[in-house]
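Below: the structure, in structure tokens.
Computed from the coordinates by the stated procedures, all read-outs in this text should not be read as laboratory data. Nothing here was measured: the structure is a model prediction, and the numbers come from that model. As a convention, Cβ positions derive from the backbone with ideal geometry for all residues, glycine included, and neighbour counts pool all protein chains shown.
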Amino acid sequence: MVSRKPEAKATTAVAYYRVSSDRQEKEGFSIPAQQQLVREYAAAKGITVLREFTESESAKKAGREQFDEMVVFLKKTPTCRSIIVEKTDRLYRNLKDYVTLDDLGVAIHFVKEGSILSPESRSSDKFVHGIKVLVAKNYIDNLSEETRKGMNKKAEEGFYPTRAPLGYRNIMGDGGKRTIEPDPEYAPVITKLFEWYATGKHSLDELIEKAHDAGFIYKKSKQPVSRAAIHTILTNRMYTGTFLWKGEPRQGNYTALVSEELWQKVQTVLRNRGKMKPRFVRHDFAFSHLLTCGHCGCSLVGEIKKEKYIYYHCTGFKGKCPEPFVREEVLGERFTDVLRSLVFDEEVLELVRKALRESHEDVRKFHDQAISRLQAEYTKIQNRVDTAYTDKVDGLITADFFKAKTDGWRDEQKALLVKIAQHQQANQNYLEEGVQLLELTSRLPALFAKQPAKEKRRLLDFVLSNSTWANGKLAVQFRQPFDLLAVTNGSWKAEKAAGTTPGDLCPVKLPE
């Protein structure tokens with residue numbers, strides 16, 4: 001085993017606490033609970049906590065206010081090089097925050113996990129920690145997917161599944177389901193906008209003036225509704241009582257503000273005002289719409305030379321550009337190199353599989369606890385139903401009252417059963433999906449080489465975004481979660497090439 005120097009003990013640190021929702025407060029992730037745990041840890045280790053940062057936001061996206069303040073404080077306080085936090089997913093679930101703290105070179109104490117990550121940590125510890133961040137992100141993505149399933153179910157039943165557009169407002173409907181209804185203040189204005197524009201006598205700018213005169217403003221900012229918003233309203237079919245969800249029309253169970261006939265008239269006026277000549281694409285190039293010029297930001301487009309060679313060049317839309325033509329084969333080689341950066345060697349794959357298996361046990365415990373809590377709630381409601389039935393039989397309550405109460409309870413039980421099924425499914429798929437994701441990255445270069453132009457473009461668009469070409473060099477950004485895979489894998493390979501990777505892969509503790 002490769003020896004390493006003991007990590008220096010921290011004397012000062014900052015503490016970070018976070019919850020992302022009221023539900024997490026109820027499930028034991030409350031701020032006071034985190035504070036007690038962290039403060040006891042600091043006292044036991046003889047660490048002085050200089051500042052505490054408390055946040056009530058999701059860690060899914062970067063840019064949290066208190067997190068940013070903590071980063072600024074650490075940059076201004078070189079004597080403080082430690083952060084104490086409850087566990088990994090309290091600190092970050094996105095790549096940007098992970099890289100930000102890594103660049104600061106601070107030691108992070110994960111109290112519940114019993115581990116410390118610092119610049120002196122072994123590369124295997126750092127690598128597996130990066131995988132843990134990816135697993136945490138994959139988990140919240142899975143929850144987001146379950147939320148989308150619930151929204152799809154609402155759409156199938158005719159309930160508008162998301163935030164109400166201008167002219168409507170969200171309300172709680174019968175049976176405890178959220179729905180929408182016309183906004184008494186703005187709905188009449190929406191109807192008038194369609195009627196005015198359908199005459200063909202008013203431009204969009206004139207329509208904006210009439211809307212402003214009618215007091216059509218954003219309720220929060222108190223600013224007049226913009227031109228773009230007016231155009232969006234006029235093209236939104238949902239005001240007819242039918243809305244599009246996932247590209248499919250759904251018949252809504254809410255009140256329409258305009259008739260289908262009036263909506264069609266407005267679309268006709270819009271089309272006649274903005275007629276455009278059709279654009280014909282003669283060739284299907286592999287990298288069309290994927291690359292922009294690193295000099296001027298214009299698109300790179302392909303064209304055929306000598307009837308067989310494909311070259312790409314800047315459109316020069318913003319003026320003469322110094323970037324020369326480049327062969328499609330050269331771009332293909334560069335993209336292949338990029339995809340190879342995601343390929344794990346077998347040693348790393350085995351390490352990650354082990355990490356995922358151990359991490360899966362923690363996720364399984366979480367889902368089991370959630371299922372137990374939901375089942376207890378289901379039993380509690382069932383006891384209410386049984387008690388109410390006894391009261392009905394004994395004549396203490398009327399049959400109508402019994403039915404009214406039990407109908408609501410039955411709906412709550414159905415919702416609980418759906419949540420239980422979601423946790424059971426997530427528990428089952430967690431490990432399998434994580435391994436499949438890693439195995440997919442190892443096959444990407446081979447898949448890319450075999451595909452025709454259209455499929456190559458689709459594959460690259462799935463993995464990459466914001467690709468640029470300048471001075472013969474390709475620069476890319478990976479989409480999530482491939483961005484984190486590229487960073488952790490690249491770090492591992494670099495240390496291995498430098499001969500600093502440990503000869504053996506020691507056991508590492510994983511997050512709860």
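Hey, fewest Cβ within 10 Å first, where do VAL393, VAL258, VAL99 land in order?
Going from least to most buried by this count: VAL393, VAL99, VAL258.
How much length, in nm to one decimal, is gained on full extension between LEU50 and GLU455, taken as 0.36 nm per residue of separation minus their Cα-Cα distance?
140.4 nm
Arranged from highest to lowest average of other beta-carbon atoms within 10 Å per residue, in what order do the peptides 471-477, 100-106 appear?
Highest mean packing first, the order is 100-106, 471-477.
Suppose each label sits 7 Å from its Cα in the direction of the beta carbon; what would the GLU206-THR235 distance come out to in nanometres?
Taking the simple label geometry, GLU206 and THR235 are separated by 2.2 nm.
Please list the non-local residues whose amide H lies under 5 Å from the amide H of ALA15, H modeled 1.01 Å from N, same-chain partners needing a gap of 5 or more.
Residues meeting the criterion, in which the H sits 1.01 Å from N, are ARG51, GLU52, PHE53, ILE84.
Calculate the FRET efficiency for PHE317 and GLU65 from the Cβ-Cβ distance with a Förster distance of 45 Å, rounded to the nearest 0.05.
About 0.70, to the nearest 0.05.
FRET efficiency for GLN36 and TYR218, Cβ-Cβ distance as r, R0 = 41 Å, nearest 0.05?
0.45
Per 0.36 nm of contour for each residue apart, how much would the distance between THR379 and HIS289 grow if the chain were fully extended, relative to their Cα-Cα spacing?
Length gained between THR379 and HIS289: 26.8 nm.
Nearest 0.05, what FRET efficiency do THR390 and LEU417 give at R0 = 22 Å with Cβ-Cβ as r?
0.35
To the nearest 20 debye, what charge dipole does the range 168-273 have about its Cα centre, counting +1 at the Cβ of each Lys and Arg and -1 at the Cβ of each Asp and Glu?
Dipole about the Cα centre, nearest 20: 340 debye.
State which entries of LYS220/LYS419; LYS45/LYS75; LYS76/LYS496 exceed 28 angstrom in Cα-Cα distance in the structure shown.
Cα-Cα > 28 Å for LYS220/LYS419; LYS76/LYS496; rest within.
Determine the shape class of the range 168-273: with a ≥ b ≥ c the square roots of the Cα gyration tensor eigenvalues, call it rounded for a/c under 1.5, and otherwise prolate if a/b is greater than b/c, oblate otherwise.
Oblate shape, in that a/c is at least 1.5 and b/c is the bigger or equal ratio.
For the range 284-503, take the alpha-carbon Rg, divide it by the Kirkwood Rh, and send me Rg/Rh.
Rg/Rh: 1.26.
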